[in-house]
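Undergrad: First the structure, which I've put down as C-alpha cells, then a few questions once you've had a look.
The values are calculated or read from the model by the stated rules, or taken from the named source; none is laboratory data. Model, not experiment: these values are computed from the prediction. Because the Cβ atoms are built from the backbone with ideal geometry, glycine has one as well, and the counts that use them run over all protein chains shown.
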Amino acid sequence: MRAFELTAPCHFGLEAVLKREIHDLGYEITKVEDGKVTFTGDAQAICRANIHLRTAERVLLKVGSFQAQTYDELFEGIRALPWEVYLPKNAKFWVTKASSIKSKLFSPSDIQRIVKKAIVEKMKEYYDIEWFQENGASYPVRVFLMKDEVLVTIDTSGESLHKRGYRTMGGMAPISETLAASLIQLTPWHADRILVDPFCGSGTFAIEAAMMAAHIAPGVNRNFTAQAWTNLTGEKLWQEAFEQARSLADLSVETDIQAYDIDGAVIRVARENAKRAGVGGMIHFQQRGIADLRHPKKYGFLIMNPPYGERMEDKEDLPRLYEQIGEAYQRLDAWSLYIISGFEDTERYIGRRADKKRKIYNGMLKTDFYQFMGPKPPKRKKADA
C-alpha cells in the first residue's frame with residue numbers, strides 16, 4: 001500500500017500529547033513543529049487518524065514542500081508537484097486556506113489565486129484537456145508559508161476534528177473538544193479515578209473523559225472529506241476503520257465522573273450533549289455552585305475552565321470566585337486540581353503556587369494550564385495467586 005506523509009495541526013503547546021496519540025496508533029513520527037505533528041502512514045492511516053485522534057484539529061495529506069520568495073517561484077513550485085497522484089480528472093479542488101508567517105509572499109488571496117492557477121495548468125498538461133467539470137469528490141487544498149518554505153496539503157478531514165457531532169449548542173465560552181481532550185491527557189487521570197468539573201458548561205471535559213474511559217473513538221459518529229476519495233482510500237478501508245473503532249467501545253466500564261454548573265439551563269444542555277455522545281449514563285450532572293463542592297473520597301481530580309474575565313461583565317467578581325475554588329480544593333482530601341485560565345492572579349487567590357504551569361491558547365485567548373498535584377493513591381496489593 002502506498003505510503004503518505006500526513007500532517008496533523010494541534011493547539012500550540014500540546015504537540016507532545018498529539019505525538020503520543022499518533023505513536024499509540026502505530027505510526028512513525030517524522031517531524032514535530034509548533035502547532036503540528038507530521039507522520040507517515042498508508043491509506044488506512046488517513047482513515048484511522050481521522051477517526052481516532054482526540055487532540056488533532058484535522059489530518060492533512062502532504063503533497064509537497066519547496067522554497068518560494070516570488071509568485072513565479074510559487075507558481076512553478078506548485079506546478080511541479082505530482083497532482084495527478086492525488087486529483088482525479090473530475091476532482092473538485094480549491095484552495096480553502098492560505099496562511100503566511102515571516103515570508104515575502106504574504107497575501108492569502110494572491111497565494112490562493114496563484115496556487116489554483118498552477119494546479120489547473122498541471123492538470124491540463126497531465127490529462128490533456130482544457131476545461132475541468134469539477135463535479136467529483138472534494139479535495140480542499142491548504143497552503144502554509146513559514147519563512148518562505150511552502151507546505152502544500154490536501155485536507156482529508158473536512159470539518160475540524162473538534163466537531164465530534166455531540167455538541168449542537170455551546171454554553172458560554174466553551175472549551176473545544178480537542179483542547180479538553182488534550183488537557184485531560186496532560187493529567188495522570190484514569191477511568192478508575194474520580195473526575196469532577198465544577199464549571200462544566202456544555203459538559204466538554206466530562207464527556208471527553210467518559211469517551212476516553214469507554215474507548216469511544218471521537219470521530220466514530222461523523223463524516224470526513226476523504227471518505228469520497230475512491231482513488232486514494234476507498235469505501236472498504238473506511239468501513240473497516242469504522243467497524244474496528246466501534247468494536248473497541250466498552251460502555252460497561254465503571255466511572256465516577258461528575259459535572260456541575262450553577263446554571264440549570266446549561267446543565268440540561270450538557271446532559272443532552274452527553275446522551276448524543278453515547279455517555280449519558282457515565283456522568284453525574286448536577287446544578288451546583290463551586291462553594292457547595294464536597295466529596296467524601298480521596299485521590300480525585302478537579303479539572304475546570306472557570307470564568308476569567310473575558311466572559312464576565314464584572315471582573316471584580318473574579319478574586320472571590322477563585323478564592324472559593326481554593327477553599328473547595330482545601331476541603332477535598334488528597335485531590336489534584338487542574339485549571340485552564342487567563343486570570344493572571346489565579347495562584348494568588350487559589351492560595352498556593354501551582355506545581356506546574358503551561359501556556360495554552362484557548363482559541364485566540366492566551367491562558368495558562370495550572371497543575372496542582374495531589375498525592376498518588378497507595379498501590380493496590382496484588383491478589384494471591
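Undergrad: When only residues in segment 330-362 that are in a strand (DSSP E or B) and closer than 15 Å to MET373 by Cα count, which is farthest from the chain's Cα centre (by Cα)?
TA: Going through the qualifying residues, I end up with SER336.
Undergrad: While we're looking at this one, here's another question. Would you be able to say whether some residue in segment 284-292 is closer than 27 Å to ALA354 by Cβ, surrounded by fewer than 22 Cβ atoms within 10 Å (Cβ to Cβ) and charged (D, E, K, R)?
TA: The answer is yes; a qualifying residue exists.
Undergrad: For residues in segment 34-46 being assigned to a strand (DSSP E or B) and under 16 Å from the mean Cα position of the chain (by Cα), which is surrounded by the most Cβ atoms within 10 Å (Cβ to Cβ)? Don't jump to the end; show me each part of the working.
TA: Taking segment 34-46 as the starting set, the residues that turn out to be assigned to a strand (DSSP E or B) are 36-41.
Among the residues that remain, those that are also under 16 Å from the mean Cα position of the chain (by Cα) are: 36-38.
Values: LYS36: 19, VAL37: 28, THR38: 18.
My answer is VAL37.
Undergrad: Within segment 165-180, can one find any residue that is within 23 Å of ASN231 (Cα to Cα) and outside the structural domain of GLY278 (by TED's automatic domain parsing)? Working first, answer last.
TA: Residues of segment 165-180 within 23 Å of ASN231 (Cα to Cα): none.
No - not one qualifying residue is present in segment 165-180.
Undergrad: Filter segment 137-152 down to residues that are touching a helix residue (DSSP H, G or I) at 6+ places or on another chain (Cβ under 8 Å) and buried (at least 18 other Cβ atoms within 10 Å of the Cβ), then give me how many there are.
TA: First, pick out the residues of segment 137-152 that are touching a helix residue (DSSP H, G or I) at 6+ places or on another chain (Cβ under 8 Å): 137-141, 143, 145, 150, 152.
Keeping just the survivors that are buried (at least 18 other Cβ atoms within 10 Å of the Cβ) gives 137, 139-141, 143, 145, 150, 152.
Residues meeting the conditions: 8.
Undergrad: Let me ask something else about it. So if I check each of ALA334, ALA354, ALA385, ALA328, which one is surrounded by fewer than 16 Cβ atoms within 10 Å (Cβ to Cβ), at pLDDT 95 or above and either among the small types (Gly, Ala, Ser) or in contact with a His (Cβ under 9 Å, 6 or more places away or on another chain) (or both)? It would help to see each step written out before you state the result.
TA: Working: ALA354 fails: surrounded by fewer than 16 Cβ atoms within 10 Å (Cβ to Cβ); ALA385 fails: at pLDDT 95 or above; ALA328 fails: surrounded by fewer than 16 Cβ atoms within 10 Å (Cβ to Cβ).
It is ALA334.
Undergrad: Consider only pairs whose beta carbons are under 9 Å apart and that are at least six residues apart or on different chains; among these, list those whose first residue lies in segment 216-240 and is under 30 Å from VAL253 (Cα atoms) and whose second residue is of a type in the set (Asp, Glu) and part of a helix (DSSP H, G or I).
TA: Final answer for the pair search is PRO218/GLU177; PRO218/GLU208.
Undergrad: Now for a different question. Residue under question is PHE301, and the condition is that it be within 14 Å of ALA206 (Cβ to Cβ), more than 22 Å from the chain's Cα centre (by Cα), among the aromatic types (Phe, Trp, Tyr) and at pLDDT 95 or above; does it hold? Explain how you work it out, then say what you get.
TA: Numbers: within 14 Å of ALA206 (Cβ to Cβ): yes; more than 22 Å from the chain's Cα centre (by Cα): no; among the aromatic types (Phe, Trp, Tyr): yes; at pLDDT 95 or above: yes.
So PHE301 does not fit the description; no.
Undergrad: Name the single residue that is farthest from the chain's Cα centre (by Cα) among those in segment 122-155 being basic (Lys, Arg) and closer than 18 Å to TRP94 by Cα. I'd like the intermediate steps shown before the answer.
TA: Quick first cut of segment 122-155, residues basic (Lys, Arg) only: 122, 124, 142, 147.
Pick out the ones that are also closer than 18 Å to TRP94 by Cα and you get 122, 124, 142.
Numbers: LYS122: 34, LYS124: 37, ARG142: 18 Å.
Going through the qualifying residues, I end up with LYS124.
Undergrad: Select, from ALA16, ALA56, ALA8, ALA49, the only residue that is closer than 19 Å to ALA217 by Cα, in a helix (DSSP H, G or I) and among the hydrophobic types (A, V, I, L, M, F, W, C). Even if it seems obvious, please write down each step before you answer.
TA: Details: ALA16 fails: closer than 19 Å to ALA217 by Cα; ALA56 fails: in a helix (DSSP H, G or I); ALA8 fails: in a helix (DSSP H, G or I).
Exactly one residue qualifies, and that residue is ALA49.
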